[in-house]
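Heads up, the thing below is written out as structure tokens.
The values are calculated or read from the model by the stated rules, or taken from the named source; none is laboratory data. Quick caveat, the model's predicted, so the values are computed rather than measured. When we count neighbours, we look across all protein chains shown, and the Cβ atoms used for this are built from the backbone with ideal geometry, even at glycine.
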Amino acid sequence: MSENTKFPVWARRIGRWLALAAAVALGLSPQTAVWFPSLSPHIALGGALAAKTASVVTLVGLPVLVLVLIWPRWFCHHACPTGFLQDLFSRRKAAEWRRWPPIGKWLLVITLGGAALGYPVFLWLDPLAIFNGFLNAAWHKPVTLAAGALLPVVLVFNFFLPKVWCQRICPLGAMQELLALARRHKRTPVPVPHQKRLARRAFIGVCAGAAGAVLVQKASGRTAPPLRPPGALPEADFTGACVRCGNCGAVCPSQVIHQDLKSVAGLLAPVLRYDKDYCRENCNRCGQACPSGAIARLPLAEKEARLIGVAKIDLDACALANGEECTACIRSCPFEALVVVENAEHTGSEPRLIQGRCNGCGACESVCPVWPKVAIRVAPLPGQS
């Protein structure tokens, strides 16, 4: 008896509505938003491999992994909110997906191969990350708007090509399919030629992911990195480990976390902008909300000591250095990293940065009254990428 026929249709439909409601409730609450994407074994495994560490959040995906080992594609059939929405908005039942190649399996092995070298290439295609990003965009803060764009794209794609995404592209679905395949092979011996063919394909996929990780890391190293949230992995690893779920931007009280719309590798990953506020010294919410380990879960004391960037002063633009009455940046710095000193000509005063005190929080930049180009700006650390 197949897994889809164990329960009546009405019971399965009620269960899926309840699962959707639970997903919305988990995703909308800042206290539980981190746990929802972590239910995906795909995110848990890819994030742990990339970050080279496992946390309590990583372990949340283990029960789902056990369930899909026992009941193949259980999560797809009963709990995935992205899959359920696709079923609701599908224009017809069709078997056209059977003609498509198993793209998702390649995406999965490439992602895991890249994760081993710190860059899980397609981790952001996880259906729970896609759904969570949409919730953040729709209900939280406008800084996460771009993170929600992928779910409508997937739904439109599914409308014209029913079931292709779930059955042939989704990497989480592919992971469940491969686990089910391994379970069936354990019961029924597989011919040696078929085993060799599967092993060869897996090896090619892992190598492709590793090669992609190396290429992206080298490309990232040649460009100046943007400012990332405190505790972020090195740039060449961060852009792969981040699943673009929007959690960090949704929980940020000062709304300084935005989506990266400039770089290719880091597209939609979080960046810091200090035009209106700064990274508060008494807040570590972004790391607590990250499901993949791209941003470390730092205690407050360690977060304050973690360098984000370093302030750079443009004395040519500085009001104080040009003889005006202004100490806005000095008064705003929570770490007393800026002081007033006499200029080299002994004709006036200017601000000076005390090296070793500045952690790049951006308090100075956010209050600088010089316009349109502020006189003090936080720049990435040398070698940050």
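Some notes on this structure:
- Odd one out for G61 among (1) surrounded by fewer than 20 Cβ atoms within 10 Å (Cβ to Cβ); (2) closer than 25 Å to I14 by Cα: (1)
- Enumeration of residues in the stretch 309-319 that are surrounded by fewer than 24 Cβ atoms within 10 Å (Cβ to Cβ) and assigned to a loop (DSSP other than H, G, I, E, B): D314, L315, D316, A317, C318, A319
- So S366, is it more than 20 Å from D277 (Cβ to Cβ) and either touching a residue at least 12 places away in the same chain (Cβ under 8 Å) or in contact with a Lys or Arg (Cβ under 8 Å, 6 or more places away or on another chain) (or both): no
- Filtered residues of the stretch 34-48 (kept if surrounded by fewer than 24 Cβ atoms within 10 Å (Cβ to Cβ) and under 14 Å from P120 (Cβ atoms)): L45, A48
- Criterion violated by T53 - all others in (1) among the polar types (S, T, N, Q); (2) surrounded by 21 or more Cβ atoms within 10 Å (Cβ to Cβ); (3) at pLDDT below 90 satisfied: (2)
- Considering residues of the stretch 24-43 that are in a helix (DSSP H, G or I) and either touching a Pro at 6+ places or on another chain (Cβ under 8 Å) or among the acidic types (D, E) (or both) only, the residue modelled with the lowest pLDDT: W35
- Any hit, the stretch 10-23, residues being closer than 28 Å to V121 by Cα, modelled with pLDDT of 80 or more, assigned by TED's automatic domain parsing to the domain that holds F134 and surrounded by 13 or more Cβ atoms within 10 Å (Cβ to Cβ): yes
- Considering residues of the stretch 245-260 that are assigned to a loop (DSSP other than H, G, I, E, B) and among the hydrophobic types (A, V, I, L, M, F, W, C) only, the residue farthest from the chain's Cα centre (by Cα): V256
- When the stretch 230-271 is filtered for residues that are touching a strand residue (DSSP E or B) at 6+ places or on another chain (Cβ under 6 Å) and of a type in the set (G, A, S), the ones remaining, listed by number, are G231, A232, G249.
- Filtered by the rule that a residue be farther than 17 Å from L123 by Cα and part of a strand (DSSP E or B), the stretch 261-283 gives V271, L272.
- Taken as a whole, the condition of being of a type in the set (D, E, K, R) and in contact with a helix residue (DSSP H, G or I) (Cβ under 6 Å, 6 or more places away or on another chain) does not apply to R352.
- Number of the condition not met by C329 [criteria: (1) over 28 Å from T53 (Cα atoms); (2) in contact (Cβ under 8 Å) with a residue 60 or more places away in the chain; (3) assigned to a helix (DSSP H, G or I)]: (2)
- Residues of the stretch 334-366 that are closer than 16 Å to R377 by Cβ and in a loop (DSSP other than H, G, I, E, B): A337, C358, N359, G360, C361, G362.
- Among the residues of the stretch 286-298, some residue qualifies, meaning at least one is under 25 Å from Q355 (Cβ atoms), buried (at least 17 other Cβ atoms within 10 Å of the Cβ) and either outside the structural domain of E350 (by TED's automatic domain parsing) or modelled with pLDDT under 90 (or both).
- Checking each residue in the stretch 272-285 for being in contact with a strand residue (DSSP E or B) (Cβ under 7 Å, 6 or more places away or on another chain) and either of a type in the set (F, W, Y) or buried (at least 18 other Cβ atoms within 10 Å of the Cβ) (or both) picks out L272, Y274, C279.
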